[in-house]
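Only the coordinates and a few stated rules stand behind these numbers; no lab work does. Everything numeric in this text was worked out from a predicted model, so none of it was measured. FYI the Cβ positions are ideal-geometry reconstructions off the backbone, even for glycines, and counts take in every protein chain you see.
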Amino acid sequence: MKKLLLCLILMGPLFVSAQTDPPLFIDFAKGIKGIKSSFAFNEHLNVMQIVINDANFVVVAVNEQMQLVWRASLTGHAMSVAKFKDKVIAIGATEYTNVKGPNNTYKATILDPANGKVLLEKVIFDGSPAFTDYTSVLISNNTFWGLGVRQSAVERKMHWVGFEKQYNETKALDVILFDDKLNPVNAIKPSIIDAPYLGMQVNKQGDVFIEWLVGGHINAYKYELGKSTPIGPLASDIGIGTKADLGDVINDQHFRYVPSTTNMNMVYYTLLYLNGDNKAELGVGSFDLVAGKKQYVTESFEKDHIKALTKAFITVNKKLDDPDLGNPKDLSLKYFAEENGTVVVGLNSHFSQTGMNGYWEVEKSILINGYDANLGVKFQQFLPASSSFPNIQMPVGFHLQNNKLHVIAIDKHGMNTMNTMYGALDIPTGKWDKMLWLSKKKIDNSDYADGPGTMWFNNSFIVPNISPKGISQSKFDVTLQQNGY
């Protein structure tokens, strides 16, 4: 264990290149299992949760000079890390096995953002050991923190095939909010619908939205903060399939939704499915639960439509390839967000194919759609990145702030060069400010960027570069690279 925890170096970058090259922090982490998540604590500090193994993780803080400010070593199976009332809160399951996955007992740890000192640690939820829980961490506007826990009918044992029916069944549903001492201050048990559960989200004033797939339609409910009786349901106008299609809808590759940042009664959703003509179709909709209003728009990916989108693309960097959306039936959702009335959807084609080293995960160009608050199309843009890598799906990172969408993706060139593509999209105009490859100097060609783990600051961003190790490639070393906008 001590050797594993030495993977993080308590000092500044070990290598800083010349001014013409971006600074690096070589061997920021060694022998880890992966990066779980990161977030900006403030404009000077980012916090990251790093998985050491199934029973241990660390939380680290990195400043805008790419220095490691502190590190906290914690036990448990990493789940989430976030900001809560000017402190850092980390969540983990207390046990994990390869056969059963994480148990249903969750421990929260509150850390001092100045030095990483543990201020409080407590078990906050102890669910049934017999069935598998699916947990949502609810954060809102730095004012409260909570858990949403769904207990499925899936028994906690090894499963080979055929447990979709049990997964879709909900046996219990809990929403619990906690104070800064990790005491429950509000707990509700939302009504359980005899239908597949789609998920829950919370808006910035603490209202919880829950959606179900009822008879092929999306049904939305709103639970106002502190109330156990919901508003709703509102049902989508479109039916999205039969029971045979359910598995293609209820995961985040084919369905996502987010509450509005401007209308506290509204939730937006998006989904991918095959329409009646067996064509891939993207749907984007909204529910205003209080007004009882709903909207829905669709985009069918016919061959002529894809051709027109590709032809309309205007590059800002002639060194990059033309966009290639790939087979529309392989489309999956990569991103969904709303900021100040603009809804943004990111999607691309992803598929697996057999190669010499097993399965290769292939990613095609990313299509980014922008909509106004009434779901009118504002822009459609491509990020023409594409990649293939054995047994690992390349992560894509998005960061939407101050009317700019920043994207980190992998663009493979040649046999083994995994370029990091960075794009900055101006939301009001729908045009790219810049699109380029980040430097690979002193970074191995086969190393790839962990886009979701990117740390964002006001004047710079820090990209973790992942170096898989060993025959199984189940352990990773990490080098940080700092870049300006």
Set the Förster distance to 56 Å, then compute FRET efficiency between Ser128 and Tyr485 from the Cβ-Cβ distance, nearest 0.05. 0.70
Suppose R0 equals 30 Å. What FRET efficiency, 1/(1 + (r/R0)^6) with r the Cβ-Cβ distance, do Asp180 and Asp252 give to the nearest 0.05? 0.50
Where the centroid of each part is defined by its Cα atoms, how far is the range 94-125 from the range 375-438 in Å? 33
Whole-Hz Karplus couplings 3J(HN,Hα) for the range 289-302, θ = phi - 60° and coefficients 6.51, -1.76, 1.60, Gly and Pro as x, run 5, 6, 6, x, 10, 9, 9, 7, 10, 10, 9, 9, 8, 6
For Lys171, the aspartates and glutamates lying under 19 Å Cα to Cα, once residues fewer than eight places off in the same chain are dropped, come out as Asp126, Asp133, Glu155, Asp194, Glu211
Magnitude of the Cβ-charge dipole (Lys and Arg +1, Asp and Glu -1) of the chain about the Cα centre, nearest 20 debye, reported as 860
Debye intensity ratio in log₁₀ form over the Cα atoms of the chain, taken at each q of 0.06, 0.08, 0.11, 0.12 Å⁻¹: -0.27, -0.49, -1.00, -1.22
Rotationally averaged projected area of the range 202-350 (alpha carbon convex hull; nm²): 10.3
Assign one of three labels to the range 74-127, namely rounded, prolate or oblate, based on the Cα gyration tensor with a ≥ b ≥ c the square roots of its eigenvalues; rounded applies when a/c is under 1.5, prolate when it is not and a/b is larger than b/c, and oblate otherwise. prolate
In nm, the gap between the two label points placed 7 Å beyond Cα toward Cβ at Leu225 and Ala172 is 2.7
Using a/c under 1.5 as the rounded threshold, could you call the range 302-453 rounded, prolate or oblate? The axes a ≥ b ≥ c are square roots of the C-alpha gyration tensor eigenvalues, and prolate needs a/b larger than b/c, oblate otherwise. prolate
Which listed pairs, of Lys412/Lys469; Lys33/Lys412; Lys33/Lys181; Lys165/Lys334; Lys318/Lys440; Lys364/Lys441, have C-alpha distances above 29 Å, in listed order: Lys33/Lys181
Under 13 Å from a point 7 Å along the Cα-to-Cβ line of Asn115: which residues of the range 53-73 have their amide N that close? 70-71
Only helical DSSP H runs with n ≥ 4 go in: add -39500 (n - 2.57) per run for the chain, normalise by residue count and round the 222 nm mean residue ellipticity to 500 deg cm²/dmol. -1000 deg cm²/dmol
Under a point spin-label approximation (7 Å from Cα along Cα-to-Cβ), what is the Lys442-Asp321 distance to one decimal in nm? 3.0
I'd like the Karplus ³J(HN,Hα) series for the range 49-59: coefficients 6.51, -1.76, 1.60, θ = phi - 60°, whole numbers in Hz, and an x wherever there's a Gly or Pro. 9, 10, 8, 7, 7, 5, 10, 8, 8, 10, 10
Just how large is the dipole of the range 302-453 about the Cα centre, in debye to the nearest 20, putting +1 at every Lys and Arg Cβ and -1 at every Asp and Glu Cβ? 400
Using only the alpha carbon atoms of the range 396-485, find the Kirkwood hydrodynamic radius as the inverse mean reciprocal pair distance, in angstroms to one decimal. 13.7
Answer with one residue from Gln295, Pro230, Gly397: the one whose Cα lies farthest towards the positive end of the charge dipole of the chain, charges on Cβ with Lys, Arg +1 and Asp, Glu -1. Gly397
Provide the FRET efficiency to the nearest 0.05 for the Lys85-Met356 pair, computing r from the beta carbons and using R0 = 56 Å. 0.60
Return, ordered by residue number, the residues of the range 337-361 whose backbone nitrogen is under 15 Å from a label point located 7 Å along Cα→Cβ of Ala40. 339-340
